[in-house]
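Asks: Pasting in a structure now, in structure tokens, and then I'll have a few things to ask.
The values are calculated or read from the model by the stated rules, or taken from the named source; none is laboratory data. The structure displayed is predicted, hence computed values, not measured ones. Neighbour counts run over all protein chains shown; Cβ positions are idealised from the backbone, glycine included.
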Amino acid sequence: MKNNKEHCPAEQVIEHNRPDTYMRHYLVCCYFITCLFITSSASATSLLPITLEQLSTRATLIFYGEVISNQVKKDAQSRQIATFTEFKVIDLIKGDAAATHTIKQLGGIDEKTNINFRVHGVPRFQPGKHYVVFLPERSNHGFSSPLGLYQGSFSVSIENGEQIIRSGRNLSQQKPTALNKNAQVPLAVDPEKPTQALLSDFLNTVRAYTAQ
């Protein structure tokens, strides 16, 4: 996979209530986003569109889980504000994980220092909510935002007694490549709601892609 040249524009940092430290955190943001791009999973955090097949084949860890908690604090490795999200793993699709799994992402709201440090595209997870996440290998500093940032995170809800997965893309337009002709794309719940699919169909599709 060719590495694309990426940069961290000023817009990527949208909130900071400590003006005296704004520039330092802005530069750190650029540094860590750049580090994420140059890892072995460099394409993982690119904001270019990523298909479900690409998410499935590139991720080293995929699971369906429930968010237990979020903890925002100064990270010992990077010495920057980071959010630690702990998941209860309900269904392990790919890779190795224990009963719970914690991911570390750059940024967050640190109540102790009153620093609000946000990075555009980095998904937020709500305790008690359910998600399917596609994760790359951890970076050198232990960060592991989903592949394609928000593109690698799918929320799950219950509608009319059925588990429904939601995405910002048209799931009915996910086309298998020549290498994965037998993989089935997830079926949209309703033609008028093509960004939704049954969770069971979605997970079966992901498993089909990872089996190739």
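To keep it simple, each residue is scored yes or no on (1) acidic (Asp, Glu); (2) under 21 Å from GLU66 (Cα atoms); (3) crowded, with 19+ Cβ neighbours inside 10 Å.
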{"residue": "GLY108", "(1), (2), (3)": "no, yes, yes"}
{"residue": "GLU111", "(1), (2), (3)": "yes, no, no"}
{"residue": "ARG124", "(1), (2), (3)": "no, yes, no"}
{"residue": "PRO127", "(1), (2), (3)": "no, yes, no"}
{"residue": "HIS130", "(1), (2), (3)": "no, yes, yes"}
{"residue": "PRO136", "(1), (2), (3)": "no, yes, yes"}
{"residue": "PHE143", "(1), (2), (3)": "no, yes, yes"}
{"residue": "GLY148", "(1), (2), (3)": "no, yes, yes"}
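Asks: State all residues of the stretch 97-107 that are under 20 Å from LEU199 (Cβ atoms) and assigned to a strand (DSSP E or B); if no residue qualifies, say none.
Replies: If the condition is that a residue be under 20 Å from LEU199 (Cβ atoms) and assigned to a strand (DSSP E or B), then HIS101 is the only one that fits.
Asks: Going by the conditions given, is SER155 over 20 Å from ILE81 (Cβ atoms), surrounded by fewer than 17 Cβ atoms within 10 Å (Cβ to Cβ) and either of a type in the set (Ser, Thr, Tyr) or touching a residue at least 24 places away in the same chain (Cβ under 8 Å) (or both)? Spell out how you get there, then give the answer.
Replies: Numbers: over 20 Å from ILE81 (Cβ atoms): yes; surrounded by fewer than 17 Cβ atoms within 10 Å (Cβ to Cβ): yes; either of a type in the set (Ser, Thr, Tyr) or touching a residue at least 24 places away in the same chain (Cβ under 8 Å) (or both): yes.
Answer is yes for this residue.
Asks: Can you tell me which condition PHE143 does not meet? The list is (1) touching an Asp or Glu at 6+ places or on another chain (Cβ under 9 Å); (2) modelled with pLDDT under 65, and all the others hold.
Replies: So PHE143 meets the others, but not (2).
Asks: Still on this structure, I have one more. Any residue in the stretch 200-211 that is surrounded by 19 or more Cβ atoms within 10 Å (Cβ to Cβ) sitting within a Cβ distance under 8 Å of a residue that is among the hydroxyl-bearing types (Ser, Thr, Tyr) and not in a helix (DSSP H, G or I)? List the pairs, counting only those 6 or more apart or interchain.
Replies: LEU203/TYR64
Asks: Something else about it: Out of all the residues in the stretch 108-121, which are in a loop (DSSP other than H, G, I, E, B) and either at pLDDT 90 or above or acidic (Asp, Glu) (or both)? Don't jump to the end; show me each part of the working.
Replies: In the first step, residues of the stretch 108-121 are kept if they are in a loop (DSSP other than H, G, I, E, B); the result is 111-114, 118, 120-121.
The one that is in a loop (DSSP other than H, G, I, E, B) and either at pLDDT 90 or above or acidic (Asp, Glu) (or both): GLU111.
Asks: Still on this structure: What about ARG124, is it within 10 Å of the chain's Cα centre (by Cα), of a type in the set (Lys, Arg) and assigned to a loop (DSSP other than H, G, I, E, B)?
Replies: Numbers: within 10 Å of the chain's Cα centre (by Cα): yes; of a type in the set (Lys, Arg): yes; assigned to a loop (DSSP other than H, G, I, E, B): yes.
In short, yes.
Asks: Can you tell me how many residues in the stretch 70-96 are surrounded by fewer than 16 Cβ atoms within 10 Å (Cβ to Cβ), in a strand (DSSP E or B) and basic (Lys, Arg)?
Replies: Looking only at the stretch 70-96, we keep the residues that are surrounded by fewer than 16 Cβ atoms within 10 Å (Cβ to Cβ), and these are 71, 73-74, 76-77, 79, 88, 90-91, 95-96.
Pick out the ones that are also in a strand (DSSP E or B) and you get 71, 73-74, 88, 90-91.
This time we only want the ones that are basic (Lys, Arg), so: 73-74, 88.
Counting residues in the stretch 70-96 that are surrounded by fewer than 16 Cβ atoms within 10 Å (Cβ to Cβ), in a strand (DSSP E or B) and basic (Lys, Arg) gives 3.
Asks: Look at the stretch 146-191 and say how many of its residues are at pLDDT 85 or above, under 24 Å from HIS101 (Cβ atoms), in a loop (DSSP other than H, G, I, E, B) and small (Gly, Ala, Ser). Please lay out each step first, then the result.
Replies: Residues of the stretch 146-191 at pLDDT 85 or above: 146-166.
Pick out the ones that are also under 24 Å from HIS101 (Cβ atoms) and you get 146-158, 163-166.
Remaining after also requiring in a loop (DSSP other than H, G, I, E, B): 146-148.
Still in the running and small (Gly, Ala, Ser): 148.
The number of residues fulfilling the criteria is 1.
Asks: Taking the condition of being within 13 Å of HIS101 (Cα to Cα), assigned to a loop (DSSP other than H, G, I, E, B) and within 12 Å of the chain's Cα centre (by Cα), how many residues in the stretch 127-138 meet it?
Replies: 0
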